[in-house]
């Protein structure tokens, strides 16, 4: 991997054991004013970040395998993004596009229409968060079809608002105690090759049968699916699953929505995970990595579907904020200039080279899966059951050694790797070495 330009040293450095005095003091201040429901994954408080490192208030430098949950794809302080944000803010920070419009909203809409799958006529509307994008995709699909039903899948994650909580499968910590949830949301079985052993076509037939028997195509406005599931466990469906679903939707006038919020924007080695099998969704939801860390999301899709809602029916005070639009334009330009799709594929090759030899009963590592820089490690116990304890032990061991990783999965037994695509190869290999040692030291029977 080619090294890029960095502002901070790209190295792991530990000067304190655990959170230092500055982070400890900040944690006490947090406890006094922030509700317990907002609990940081890392107890160290960050004061600087660049490339693949996070620097805390006590001078520790962590390897970042989280990217703010797949957000800082181009780095947390990419100079091109910083310059674009500064220039935009120097002119105006807000006017509301629905009230007094500006060009940057149009420019990023044009760019997203260009890079999303398909060469059909498209429209794009901008919002702030992934949840907003998903909610508005459903609104658009309902307006277009005149139907109410929304189909989602086992293990899906689509957000934390009321409708998207209904669409999300995982109870804790996302749904428990927050109901009642929106109605007309139906769930179908997803393709999970490690566990179900089905081909993509077989898994699609199972899902389609469930939808036809339990809901009926004539009652569905849309099918919403993550091409690679995120919080559900980075589940990469078997080849053929997504195309078969998309074909069924097209044959039945059901809007096919690809939730690309985590998997999109070069994360999997393509602009969008749907590109892998040449799936062309009717609507695509985008967020996370699109704006270099600034809050921006989008729904992009077929013009005739996007134009279905009445004038004034879509929008929001901050949606498509001009500073966020400028950041997105710079971030997308960096993705193209630095060939971050290519770097994602290089990252995958290195990750697999280091970690796949560890797959086996002695470590409990059942599978290394995913694409690009969206890779998962699933852990099972000696009887092949999900092993959340080992997964947590591995993650905790990595954090103690200065490597930030995240876990996921309905059973809490999956480590997910989401490094910035601008990470150096040396830093990537260093972090993976720490992870590999943690797997060996904490595997089954340790």
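The values are calculated or read from the model by the stated rules, or taken from the named source; none is laboratory data. If you're wondering where the values come from, they're calculated on a predicted model, not measured in any experiment. Using ideal geometry, Cβ is built from the backbone for each residue, glycine included, and neighbour counts are taken over all protein chains shown.
Observations on the model:
- Test: residue in region 51-60 that is buried (at least 22 other Cβ atoms within 10 Å of the Cβ), outside any loop (DSSP other than H, G, I, E, B) and out of contact with any strand residue (DSSP E or B) (no Cβ under 7 Å at 6 or more places or on another chain): no
- Test: residue in region 200-214 that is closer than 30 Å to residue 292 by Cβ and either at pLDDT 95 or above or assigned by TED's automatic domain parsing to the domain that holds residue 253 (or both): no
- One residue alone among 75, 68 is under 24 Å from the mean Cα position of the chain (by Cα) and crowded, with 19+ Cβ neighbours inside 10 Å, and that residue is 75.
- Check on residue 110, surrounded by fewer than 17 Cβ atoms within 10 Å (Cβ to Cβ) and not in a loop (DSSP other than H, G, I, E, B): yes
- The set of residues in region 91-107 being part of a helix (DSSP H, G or I) and either free of Cβ contacts under 8 Å to residues at least 40 places away in the same chain or surrounded by fewer than 16 Cβ atoms within 10 Å (Cβ to Cβ) (or both) consists of 91, 103, 106, 107.
Matching residues to (1) surrounded by 13 or more Cβ atoms within 10 Å (Cβ to Cβ); (2) touching a residue at least 12 places away in the same chain (Cβ under 8 Å); (3) in contact with a helix residue (DSSP H, G or I) (Cβ under 9 Å, 6 or more places away or on another chain):
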residue: 1; (1), (2), (3): yes, yes, yes
residue: 6; (1), (2), (3): yes, yes, no
residue: 18; (1), (2), (3): yes, yes, yes
residue: 21; (1), (2), (3): no, yes, no
residue: 38; (1), (2), (3): no, no, yes
residue: 43; (1), (2), (3): yes, yes, yes
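- For region 215-254, a residue qualifies if it is without any contact (Cβ under 8 Å) to a residue 60 or more places away in the chain and part of a helix (DSSP H, G or I), and the qualifying residues are 217, 241, 242, 243, 244, 245, 246, 247, 248, 249, 250, 251.
- When 417, 421 are checked against the criterion of being touching a strand residue (DSSP E or B) at 6+ places or on another chain (Cβ under 9 Å) and modelled with pLDDT of 95 or more, a single residue qualifies: 417.
- Meets criteria (under 25 Å from residue 4 (Cα atoms) and more than 18 Å from the chain's Cα centre (by Cα)) for residue 424: yes
- Qualifying residues in region 167-185 (those that are touching a strand residue (DSSP E or B) at 6+ places or on another chain (Cβ under 6 Å) and crowded, with 19+ Cβ neighbours inside 10 Å) - the one nearest to residue 248 (Cα to Cα): 185
- Within region 16-43, being closer than 24 Å to residue 176 by Cα and either outside the structural domain of residue 69 (by TED's automatic domain parsing) or not in a helix (DSSP H, G or I) (or both) holds for 34, 35, 36, 37, 38, 39, 40, 41, 42.
- From the list 150, 190, 134, the one residue that fits, being more than 25 Å from residue 372 (Cα to Cα) and either modelled with pLDDT of 95 or more or surrounded by 20 or more Cβ atoms within 10 Å (Cβ to Cβ) (or both), is 150.
- Strands (runs of 3 or more DSSP E) contained in region 122-190 and holding at least 3 residues over 22 Å from residue 242 (Cα atoms): 122-127
- Region 300-311, residues that are free of Cβ contacts under 8 Å to residues at least 12 places away in the same chain and outside any loop (DSSP other than H, G, I, E, B): none
- Failed item in (1) assigned to a helix (DSSP H, G or I); (2) in contact with a strand residue (DSSP E or B) (Cβ under 7 Å, 6 or more places away or on another chain); (3) under 23 Å from residue 282 (Cα atoms), with residue 212 passing the rest: (2)
- Note on region 312-425: enclosed helices (runs of 4 or more DSSP H) holding 2 or more residues that are crowded, with 20+ Cβ neighbours inside 10 Å and in contact (Cβ under 8 Å) with a residue 60 or more places away in the chain are 322-337, 340-355.
- Subset of region 154-166 [out of contact with any helix residue (DSSP H, G or I) (no Cβ under 6 Å at 6 or more places or on another chain) and either surrounded by 23 or more Cβ atoms within 10 Å (Cβ to Cβ) or farther than 17 Å from residue 232 by Cβ (or both)]: 155, 156, 157, 162
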